[in-house]
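Below is one structure, written out as structure tokens, with a few remarks after it.
The values are calculated or read from the model by the stated rules, or taken from the named source; none is laboratory data. Small disclaimer: the values here were computed from a predicted structure and weren't measured. Here the Cβ positions follow ideal geometry from the backbone for every residue, glycine too, while neighbour counts run over all protein chains shown. Surface accessibility is based on the protein's heavy atoms, side chains included, excluding ligands, DNA and RNA. Shrake-Rupley method; radii C 1.70, N 1.55, O 1.52, S 1.80 Å.
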Amino acid sequence: MKLLIFSLGEKGFSVIKALVESTSAYSIYCVIGQDCGVDEDYSSKLIEFCNQHKIRYSLRKNAVYTKDDFDLFLAIGWRWIIQDLPESNLIVFHDSLLPKYRGFAPLVNALINKEQKVGVTALLGAKEYDKGNILLQKSLDVTYPTNIEREIHRISVVYASLAIELLEKLNINAINRIGNPQNEMEATYSLWRDEEDYRIDWRDDAMDIEHFINCVGRPYHGASAMLHGDLVRISKVQVIEDVKIENRTPGKVIFIQEDSPVVVCGKGLLKLVEVQDEYGESMLPLKNFRSRFN
């Protein structure tokens, strides 16, 4: 079977690596995406892997291919619209249990919402995003507290397992190639996230802020705040026992513990263990005790 795989990130890398190492039944051509919005987009690792295993590839911006040369197209972790391909030959891998969390950043948003189960869906391409018929799904239980980096690692393993199982079943006609329609009554959507969505709301409960920071950390740029007019990233915090504050003002520093500022939240206190500027340099210890995080 001749496969063209649109690959982005660790999920795409995991699928291609698993397919290559499990069987020689597939002739693979990779279109590799790059993502400046994360610390590690796996494009360099995938290029190195392709070179080692003599797999043909191109970067997305340079991709040229003839669709008639391939039997099947897979989109793994892909963020861009794929045009001019027959929907019946395009299989999209989406990291949610569709029809829940259609759209963007489904894993991040599911973790923020403390979903007990996440997962991966293989579905056929469709004119409207994430509405195609479902071919196969795999779920993954989540135990909290956790963080996005750990869950991306875990779900990437599920991606690889799902891809191998799906292709094996398609080869022997053990799965309905038409798939099953989604239940529109159960559909939910997940919105895209931009820089504003990474901003900490200090009016929230300290435990909720800690959870939020864990959900938007590496490989993403991480939770942010403004300090003396400059953007800072907060990557590690610790919930501290609250004290009675007569004029509670979320975002203000109340104590310094071991060179780390303790910040007032809507409920509870947070010790900021790791704070970086926009260049990744540590901001601790703070220059001014009288600091307010916005």
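A few remarks follow.
- Ser139 being of a type in the set (Gly, Ala, Ser), surrounded by fewer than 16 Cβ atoms within 10 Å (Cβ to Cβ) and more than 25 Å from Ile32 (Cα to Cα): yes
- Among the residues of segment 202-217, the one identified as free of Cβ contacts under 8 Å to residues at least 40 places away in the same chain and either surrounded by 19 or more Cβ atoms within 10 Å (Cβ to Cβ) or not in a helix (DSSP H, G or I) (or both) is Ile213.
- Selection status of Ser235, under 20 Å from Tyr144 (Cα atoms) and of a type in the set (Ser, Thr, Tyr): yes
- Look at segment 151-162: where a residue is among the basic types (Lys, Arg) and a partner is open to solvent by 20 Å² or more (accessible area, probe 1.4 Å), sitting 6+ places away or on another chain with Cβ atoms under 8 Å, you get Arg154/Leu140.
- Test for Arg177: is it over 30 Å from Lys236 (Cβ atoms), part of a loop (DSSP other than H, G, I, E, B), open to solvent by 30 Å² or more (accessible area, probe 1.4 Å) and not β-branched (Val, Ile, Thr): yes
- Residue among Asn113, Asn147, Asn133 that is more than 22 Å from Tyr189 (Cβ to Cβ) and surrounded by fewer than 21 Cβ atoms within 10 Å (Cβ to Cβ): Asn147
- Condition check for Lys287: more than 22 Å from Glu195 (Cα to Cα) and not aliphatic (A, V, I, L, M): yes
- Residue satisfying all of: in segment 141-161; assigned to a helix (DSSP H, G or I) and over 11 Å from the mean Cα position of the chain (by Cα); nearest to Glu210 (Cα to Cα) among these: Arg154
- Test: residue in segment 262-280 that is under 29 Å from the mean Cα position of the chain (by Cα), surrounded by fewer than 19 Cβ atoms within 10 Å (Cβ to Cβ), hydroxyl-bearing (Ser, Thr, Tyr) and assigned to a strand (DSSP E or B): no
- All of (1) under 19 Å from the mean Cα position of the chain (by Cα); (2) modelled with pLDDT of 95 or more hold for Phe49 with one exception: (1).
- Output for segment 93-140, where each listed residue is in a loop (DSSP other than H, G, I, E, B), farther than 28 Å from Asn214 by Cβ and either modelled with pLDDT of 95 or more or of a type in the set (Val, Ile, Thr) (or both): Lys131, Gly132, Asn133
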